[in-house]
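Written out below as structure tokens is the structure these notes cover.
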Amino acid sequence: MEFLTILYLTYTFISFYFLMIYVLTYTQNKSQLNETFKTDKTRSLSIIIPCFNAEKNIGKTIQAHLDSDYEGLKKIIVVDDCSTDNSAEVIKEYTKKYKQVMYVKTPKNTGNAAGSKNYGSKFVKTKLIGFSDDDSIPNKNATSKMVGFFNDENVGAVTSRVLVTGKQNFLTKSQAIEYKIIAFTRKLLGFLESIYVTNGPLSIYRKKAFDEVGGFDPENMTEDIEITWHFVSKGWKVHMAIPAIVKTYPPTKIKAWFHQRIRWNVGGLQTVAKYRKQFLNTGMLGLFIMPFFMFSWFLGITGLFFLAYRFTNYIIMKYLVAKYSVAANVALVTMDNFTLNPSILFFFGMLLFALGLIYTITALAYSKESGRLIGHKARDIFIYSVFYLLMYPPLLIVSFYKYMRGYNTW
């Protein structure tokens, strides 16, 4: 058997394996997807909002947290990471009106979210500590939908469901679909105790657990992934509350999107490197989360390789056939060119695409925001499933290259 055939069958097997895990997990737990718990007591909470040059959105973020219906929210600590715009003036206006809001400024620009988050954590004295990005807008009941999970003393972190808002174009529409699929998948992984990231837009941690892991790693470009792996490695449970919705503003231009995703992937590689010694030997982190991460990269890069190979091979073969057919004065197209017996590899490829599309539609159906069944037009789903996803493999390759070159720019 040819090497490429073996590689393709391996790719197909891994893809089917993960799809079956999702199907079985969904089938067994679909009634619990929207689960929340009424808190057994009011736990004090502080929300930290790291801010850098966010004068356009920081006011909306602060106000959204002020509007929270959770009675245990004691402080909203906004950390100004030495902004050069009018962010400080906007924040201070809120401190004058509301005692809950506290303004602090880092001694110098930390250069990343982890630095300002850790600085803000020094001012927290509550049982729970939460973090929210400076351009994120949580629903009024988002926090209250999350804190009930802390009834279990073994729970160290709870994260929310992120949806997109703001300007709409083909890129943001695709991201809107992507974020819903990510949230749906993350909830399924939660049933396997394998949530791999507590997102930046809104996540809450038990302060005891946060202190135990030493806060966020300022050397990692995806501090929210790294701290989650740290929690899991220490035996803390991590949950996700699907009904806890927070809106965020995604990149609206390809360049900004590309830069964001490079950071995400390089940060993921940094995290894998940091915890590499625990691969296959430390609970769910080593036995599932890390293999899941690495196989996802394998599928992304291998998929691009096969697509490029098949396309290039097809073009070359057609060119040669046409060239020699003309030279030999024979027909370019005959009935032998048409067949109703596609190869098994082609069949597997089409089956994977169909199953992936079904998974996408299922995820959207559980994340609908309007009266429509899935909340998105068929055209947008097609663009996402074909063109948007094709942007990822080249992105992964560039990310690996930048990681090897020591890329560390926020």
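Just a few scattered comments:
- With 20 Å as the limit on Cα-Cα distance, the pairs of LYS75/LYS96; LYS74/LYS122; LYS108/LYS255; LYS180/LYS234; LYS145/LYS207 that go past it are LYS108/LYS255; LYS180/LYS234.
- Acute angle (nearest 10 degrees) that the helix 87-97 long axis makes with the longest principal axis of the chain, alpha-carbon atoms: 40 degrees
- Whichever aspartates and glutamates have a C-alpha closer than 15 Å to that of LYS247, once near sequence neighbours (fewer than 8 apart) are set aside: ASP67, ASP133, ASP134, ASP135, GLU178, GLU369
- Selected from ALA157, ALA209, ALA354 as most flexible by GNM, with the chain as the system and alpha-carbon contacts under 10 Å: ALA354
- ³J(HN,Hα), Karplus 6.51/-1.76/1.60, whole Hz, each residue of region 379-391, x for Gly, Pro: 4, 5, 5, 5, 4, 5, 5, 9, 7, 5, 5, 6, 7
- Residues whose amide H comes within less than 5 Å of that of VAL101, counting only those at least five positions distant or on another chain, are ILE76 (H built at 1.01 Å from N in the peptide plane).
- Dipole moment magnitude, nearest 20 debye, region 89-185 about Cα centre, only Lys, Arg, Asp, Glu C-beta charged: 360 debye
- Value of relative contact order over the chain, rounded to a whole percent, pairs C-alpha under 8 Å and six or more apart: 18 percent
- Carbon/sulfur fraction of accessible area - region 85-154, other protein chains in place, 1.4 Å, %: 47 percent
- Listed values for region 101-109 are Karplus-derived 3J(HN,Hα) couplings in whole Hz (6.51 cos²θ - 1.76 cosθ + 1.60, θ = phi - 60°), namely 8, 10, 9, 9, 10, 5, x, 8, 4, and x replaces Gly and Pro.
- Per residue, the chain reaches -16000 deg cm²/dmol at 222 nm when only DSSP H runs of four or more residues are counted, each adding -39500 (n - 2.57).
- Max mean-square fluctuation residue, GNM over the chain, Cα-Cα springs under 10 Å, options LYS105, LYS247, LYS274: LYS274
- Solvent-accessible heavy-atom area per residue, rounded to whole Å², over the chain at 1.4 Å: 51 Å²
The values are calculated or read from the model by the stated rules, or taken from the named source; none is laboratory data. Just so it is clear, the model here is predicted, and its values are computed rather than measured. Note that each Cβ is placed from the backbone with ideal geometry, even for glycine, and that neighbours are counted across all protein chains shown. The accessibility values were calculated without ligands, DNA or RNA, using every heavy atom of the protein model including side chains. Shrake-Rupley method; radii C 1.70, N 1.55, O 1.52, S 1.80 Å.
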